[in-house]
Amino acid sequence: MTEPIRLKLNGKEVDLHSHPMTPLLHALRNEELSPGTKYGCGEGECGACTVLLNGDAVMSCMVPLCQAEGAEVETVEGLCIDGELHPLQEAFICEGGAQCGICTPGMLMSALYFLRQPEKAPGGVREALEGNLCRCTGYTRIYQSVERAIGEAAGK
Amino acid sequence: MNTRTNINTLKCLVPFTIAEALEMKAAHPDAFPIAGGTDVMVWMNDGKMPGRTYISLHRLAGEWRHVTGTSDGGISIGALANYTDVRMNPLVIERWPLLVESARVTGALQIQNRGTLVGNVANGSPAADTVPVLMVYDAVLVLANTKGERRVPLSDFYTGYRQTIMDGSELITAIELPHAALQPNQYFRKVGTREAQAISKVVCAGGSTPGGKQFRLAWGSVAPTTIRSFKTEETLANGADAEEAWEVLKTEISPISDIRSTAEYRLRVCRRILEEFIGHQSVS
Amino acid sequence: MSIAPPYRYIGQSILRREGREKVTGASRYVDDNVIPDCLHGKTIRSTIAKGRIVDISFGEGIPWDEFIIATAKDLPRNVVVLIEQDQPALVEEFVQHKHEPILLLAHKDAGLLEDAARAITITYEEDKSAAFEIGEGSLQKEYLIEEGDIEKTFAECDVVFEEVYRTGAQEHVYIEPNGFVGWWDGDNIHLRGSHQCPYYVHKAVKTAFGLKDDRQVDILQETTGGAFGGKEDFPSTVAIHTALLARKAGRPVRMIYDRAEDMACSTKRHPSETRLRIGCTKDGKLKALDCDFRIDGGAYITLSPVVLSRGILHGSGPYKWEAARLVGKSYATNSPPYGAFRGFGAPQSLFAIESAMSALAEKLGMCPVEFRRKNFLKKGDVLPTGQALEGDPMLDAIVDKGLQMADYWNRAKKIAPIPNRGIGLSVFLHGTGFTGSGEVYLASRVALATRGDGKVEVRVSSTEMGQGTETIFPQIAAEVLGLEVDDVLFVKPQTSKVPNSGPTVASRTCSVVGRLVERAAHDLKGKLNGTPIADYHATHGETLGEAKYQAPPGLYWDDEKYRGSAYGAYSWGINIAEVTIDPVTMHPTVENFWGVYDIGTVINPTLAKGQVEGGIAQGIGWATCENVVLEEGAMINTHMTNYIIPTTMDAPPIMVDFIENPYEYGGFGSKGVGEIPMDGPGPAVLNAVSMALRRPLNKIPIIAEELLDD
């Protein structure tokens, strides 16, 4: 069919063979590269499929695969390195930020984006997570989780 | 209930230069251009536009992802500049504050990192949040094809529901805003279904020049296209009060009932927004 | 048998057991299954609400011979068994609602499957007698609860208040849509999916395929991305469809719903209509309640009778009545069947009574807090079913704590004169576990099993869907057995491996099943008699600690007369909501929300608070923005863009606390927790909005379009 599309996934070069118009979400999932990235709506509303594309939080269901060619893609699988959880992951466990867990990977990626580029959401955590729907928590414990991770990053 | 578009029926072209993009568009006038993809991907998820050819413009970011000031105090927003690029731009923050506000309420952060202002304009949705703002700022669109460029005022761009004056051979390459002549107390009101990630039930942008000599007022979701309410603007400039202005405005808008709201509600809210806008302008 | 406080694990916020898998993306949900040689399945559905199928045509351009096509004829028994047997798994001839499944397709190419689905045309002879409103169609079920001489008592009242309250449908919006994968191995079917009641699916699949032996059906629950009742009854249909295609294909099949299909076809919260007549004295003593509670059941019975039952059993609120009559009626319509949704009828009837209590207080010129207080149930008081409350509901203490948390008096005083601002409250109760003799019929069982490594396995069919089952049961077992909590493992619910401990519904997991886990742990402890588990296991092999449900002493229910103790225990709570109305758009914003609950012993505070906060957010959504738009009975706003649930920017700060009033027969004193959070927000928000607008409202969701009537 078409040429494979090469991108860097969590630091590793990978070739994807899906159709260039396939949503990045489905390409990553169908090709078993990121089962942790979740489908929730397929229309850019729920945020469960949030990944970082060249450092920016995006909904991977809204990105045609061809547009990710050559890009750096970060997913939830890249957070935990050599078995060591990212401070955000630790915080989500400690504070009860994950319940059913289906929104968690996307929530974590939006939170990571906020940790790295807080200026994009001047209103704080609540604003940073506006694109991630959660139906279990009412969000309170998710804010606490992200704030805990921020506190730890600041050495508190 | 819909079923998804069969992706295998789609063709995707990826130009590497502007010239190539324009040639592709000329060769495939039905081809659908994709900038950030945040509308196209929604349609595909909804089973729309099967068997189509798409031109993905992402390789042109070097040329088209700009937000740059012009020598006459205006600004040029390239076809691939996304909402985040625009709302984080210091010049935009300083001179076109409503653009910051409206870009920030379009979708969520993740959408703002993908979607483009040109895409928002090209899509032609009457509910677009940035389009009334662009109209209030007297935006001009730069349309190009293999034969050349033309500039069209945004308020002349739409001819009907999701219909524009564009030719199949053309692409929008940029939006240009002239120097902002409005007073600082500019007005933006999005009436959404919720506080974030909402599609507007009514959206309004407005402003006035010093001394209230001229007014600008544009509306979304209350007509088949986003509209500038020129007659209302004129009435206001002539010193009309809210009641008189409303009599004019209601002839310029034609809201309908749909899944998000009712015609009646939209009409009533427009009146209240108009009152709020007038109050807001007279405060300064 | 008792383990006395201080506890080692009970009351501790032990970290979520499966937390690490969830935050690393390692948890496997149904759609994460990779099965070689698997086909994709798709459901073709009706496009009319009522009528007869005349013809099904398969359009051109599709290689139909490559497709597996299944219809009702392929199914040994075309039924989705639940309470009744009226719902077919696939339409044979007569369509009863829009989006009713008619035929099934499977193919290896998911894209082509979509094209094929579009190429099928079904012709109908439409029946214009379809019913879409409560009361239009036939009566599915009726209940009556009566206590005292109602008309005589009304005649003695100084004030009689009447109002009709309405609530809308609500979509669950679990972020993970429904889905199953399945395959046959000989005459045995294996199904893995997203659901909350493995044994419901088991029974439905076994019946539909006419299988003789329980062991022929193996149902596994994959990590489930939210359910809230939405994966109680509906998954049985998805499972039957998956199994049918897999059988016909002779290959594994996956049926993963996309969002629009899930929203359009799956069950919703029952819309309700409650006619209330309340009589009281002029100084605010409640005397008589006449409650006519009606729900839209949809096209098939599904769970409507039990939803109806829980509705009227909660319809009298946490108050003492001299006389009460509660009539419940479930009506058939040509809507897709309504089903279980967190609260199960109680949020609807409590919405009516709690909205009425504030409106009536206003009418009497009384403070809504004091009016309620004056009428609260106390120990020994008798409910309309004749049940005398054994425990003290401690409502005054709950209310005091709630008011204090919210700084209610100061806040109310401050905002009272400000237009478009309001504060409202609600007080409510929720019965723990199945209604009436339900738990007796369920006869739930659990087992704890020893392992050679000295650990213990918890074997239950109670599922984890975010609420904490996987964590709290090990806490309970470890507490009794004196083990490290990490040495108690939770077995993934799978019908071939765990006994039937009943469905994960009705706020029963922690209290009812938790009690069984506690008892099974005592059973095992007795057998071990002090021997370390590894040693005992080495000598005796796998040893089980077991428990089977026994009704608490004195708990009696008469199904015929609808009298007795409907529930062994009740949880109680107060909610307070503060709202602002945008004067231009009339859009209500909940600014702050407080809740204090008695759920008995709090086994795990972090998990319990998390569950309650989430339920409150759902309740606020139901009250404010969640509007299911129906067209010919079916939801048309089937996208997350137009069915609006609260985002982070909508959900208010939610403050939650507990008062622990243990229940003797609940797991370590616990009572129901899962559903009660859904009961209070509807009326609390409505009462706050009514105050803000200076006029009583009677309907949720509160829609700005309906408030703007100038």
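Throughout, read-outs are computed from the coordinates displayed, never taken from laboratory work. Note that this is a predicted model, so its numbers are computed, not measured. Virtual Cβ from ideal backbone geometry, glycine too; neighbours counted across all protein chains shown.
If we sort C:475-482, C:73-80, C:513-520 on the protection proxy, mean other Cβ atoms within 10 Å, highest first, what's the order?
My ranking of the peptides, most packed first, is C:513-520, C:475-482, C:73-80.
Just to confirm my numbers, what's the Cα centroid distance between the stretch C:231-280 and the stretch C:558-607 in Å?
26
Please report, in Å, the Rg and the Dmax of the stretch B:8-59, where both are computed over Cα atoms only.
Cα-based Rg and Dmax for the stretch B:8-59 come out at 10.9, 32 Å.
Once both axes come from the Cα atoms, what is the angle between helix B:18-27 and the longest principal axis of chain B, in degrees from 0 to 90, rounded to 10?
Around 80 degrees separate the two axes.
Could you check the simple spin-label distance between B:SER71 and C:MET405, using points 7 Å along Cα→Cβ, in nm with one decimal?
My value for the distance between the label points is 6.6 nm.
How much length is gained on full extension from C:LEU544 to C:GLU92, taking 0.36 nm per residue of separation minus their Cα-Cα distance?
Fully extending the segment from C:LEU544 to C:GLU92 adds 158.1 nm.
Could you work out [θ]222 nm for the protein assembly as shown from helices alone, using -39500 (n - 2.57) per DSSP H run of at least four and dividing by all its residues? Round to the nearest 500 deg cm²/dmol.
-8500 deg cm²/dmol
Give, in whole angstrom and from largest to smallest, the semi-axes √(5λ) of the equivalent ellipsoid of the stretch A:87-153, with λ running over the eigenvalues of the Cα gyration tensor.
Semi-axis lengths for the stretch A:87-153 are 17, 13, 10 Å.
Can you tell me how chain C classifies by the Cα gyration tensor, rounded, prolate or oblate, using a/c under 1.5 as the rounded cut?
oblate
Mind checking A:50-57 for the average number of partner chain beta-carbons within 10 Å of each residue's beta-carbon?
Rounded to a whole number, the mean comes out at 3.
For the stretch B:126-223, rounded, prolate or oblate, judged on the Cα gyration tensor with a ≥ b ≥ c (square roots of eigenvalues), a/c < 1.5 rounded, else prolate if a/b > b/c?
Oblate, because a/c is 1.5 or more while a/b does not exceed b/c.
Not counting the cut sites, what is the longest span of chain B without trypsin sites (Lys or Arg not before Pro) that DSSP labels loop and that have at most 11 other Cβ atoms within 10 Å?
B:1-146
For the stretch B:225-238, just list the computed ³J(HN,Hα) in residue order, Karplus coefficients 6.51, -1.76 and 1.60, θ = phi - 60°, integers in Hz, with x standing in for Gly and Pro.
So the J values, rounded to whole Hz, are 9, 5, 10, 8, 8, 4, 5, 5, 4, 5, 4, 5, 5, 7.
Taking H as built 1.01 Å from N, whose amide H comes closer than 5 Å to the amide H of C:LEU489, not counting residues under 5 places away?
C:VAL456, C:GLU457, C:VAL458
Counting Lys and Arg as +1 and Asp and Glu as -1, what is the net charge of the other residues whose Cβ lies under 15 Å from the Cβ of B:ILE75?
The answer is -1.
Can you flag which of C:LYS268/C:LYS492; C:LYS455/C:LYS492; C:LYS329/C:LYS699; C:LYS455/C:LYS525 are past 22 Å Cα-Cα?
Result: C:LYS268/C:LYS492 exceed 22 Å.
Pull up all non-local amide H partners of C:GLU163: gap of 5 or more, or a different chain, and H-to-H distance under 5 Å with H placed in the peptide plane.
Result for C:GLU163 returns C:LEU276.
Where Rh denotes the Kirkwood radius from the mean inverse Cα pair distance, what is Rg over Rh for the stretch A:5-78?
0.90
Using the Cα centre as the reference, give the magnitude of the dipole from point charges on the C-beta atoms of chain C (Lys, Arg: +1; Asp, Glu: -1; all else neutral), rounded to the nearest 20 debye.
Roughly 1200 debye for chain C.
Taking amide H positions as placed in the peptide plane 1.01 Å from N, state which residues far from A:LEU16 in sequence (5 or more) or on other chains have amide H under 5 Å from it.
Amide H to amide H, under 5 Å and 5 or more residues apart or across chains, A:LEU16 pairs with A:ILE5, A:ARG6, A:LEU7.
Once the dipole of chain C is set up with Lys and Arg at +1 and Asp and Glu at -1 on Cβ about the Cα centre, which of C:ILE278, C:PHE371, C:ALA623 lies farthest towards its positive end?
C:PHE371
Go through the stretch C:51-60 residue by residue and turn each phi into a ³J(HN,Hα) via Karplus (6.51, -1.76, 1.60, θ = phi - 60°); whole Hz please, and just put x for glycine and proline.
Listing the rounded values in order: x, 10, 7, 9, 7, 10, 10, 9, x, 7 Hz.
Let me know the charge dipole size of the stretch B:8-59 about its Cα centre in debye, to the nearest 20, where only the beta-carbon of Lys, Arg (+1) and Asp, Glu (-1) is charged.
That gives the stretch B:8-59 a dipole magnitude of about 80 debye.
Can you pull the one-decimal nm distance between simple spin-label points at B:ASN238 and B:GLU264, each 7 Å off the Cα toward Cβ?
Spacing of the two 7 Å Cα→Cβ label points: 3.2 nm.
Looking at the stretch A:27-96, which GluC sites (Glu not before Pro) are in a loop (DSSP not H, G, I, E or B) and have at most 13 other Cβ atoms within 10 Å?
For GluC sites (Glu not before Pro) across the stretch A:27-96 that sit outside H, G, I, E and B with at most 13 neighbouring Cβ atoms in 10 Å, the list reads A:GLU32.
Distance between Cα centroids, the stretch C:76-154 to the stretch A:32-103: provide it in whole Å.
Going from one Cα centre to the other spans 38 Å.
Just how many pairs of Lys in the stretch C:1-136 have C-alpha atoms closer than 16 Å, counting pairs that are eight or more places apart or on different chains?
Summing the qualifying lysine pairs gives 4.
Could you tell me the center-to-center distance, by alpha carbons, between the stretch C:409-453 and the stretch B:14-91 in angstrom?
51
Would you work out which of B:SER282, C:PRO683, C:TYR556 lies farthest towards the positive end of the dipole of the protein assembly as shown, given +1 charges on the beta-carbon of Lys and Arg and -1 on that of Asp and Glu, about the Cα centre?
Going by the charge dipole, the pick is C:TYR556.
Answer with one residue from B:ASN145, B:ALA242, A:ALA27: the one whose Cα lies farthest towards the positive end of the charge dipole of the protein assembly as shown, charges on Cβ with Lys, Arg +1 and Asp, Glu -1.
Sorting the options by dipole projection puts first B:ALA242.
On a straight-distance basis, which lysines could pair with C:LYS282 in a cross-link, Cα separation under 24 angstrom, same-chain partners fewer than 8 positions away excluded?
C:LYS152, C:LYS320, C:LYS363, C:LYS374, C:LYS378
Run the Debye formula on the Cα coordinates of chain B, all scatterers equal and no solvent, and tell me log10 I(q)/I(0) at q = 0.09, 0.10 1/Å.
-0.42, -0.52
Convex hull volume of the Cα atoms in the protein assembly as shown, per residue, in Å³?
177
Calculate the dipole size of the stretch A:1-48 relative to its Cα centre from +1 charges on Lys and Arg beta carbons and -1 charges on Asp and Glu beta carbons; express the result in debye to the nearest 20.
Charge dipole of the stretch A:1-48: 140 debye, to the nearest 20.
Using the Karplus curve 6.51 cos²θ - 1.76 cosθ + 1.60 with θ = phi - 60°, work out ³J(HN,Hα) for each residue of the stretch C:644-660 in order, rounded to whole Hz, and write x for Gly and Pro.
Once rounded to whole Hz, the list reads 9, 9, x, 8, 4, 7, 9, 5, x, x, 10, 10, 10, 8, 10, 10, 9.
Testing the spin-label approximation: label points 7 Å from Cα along Cα→Cβ at B:LYS213 and B:HIS179. State their distance in nm.
1.3
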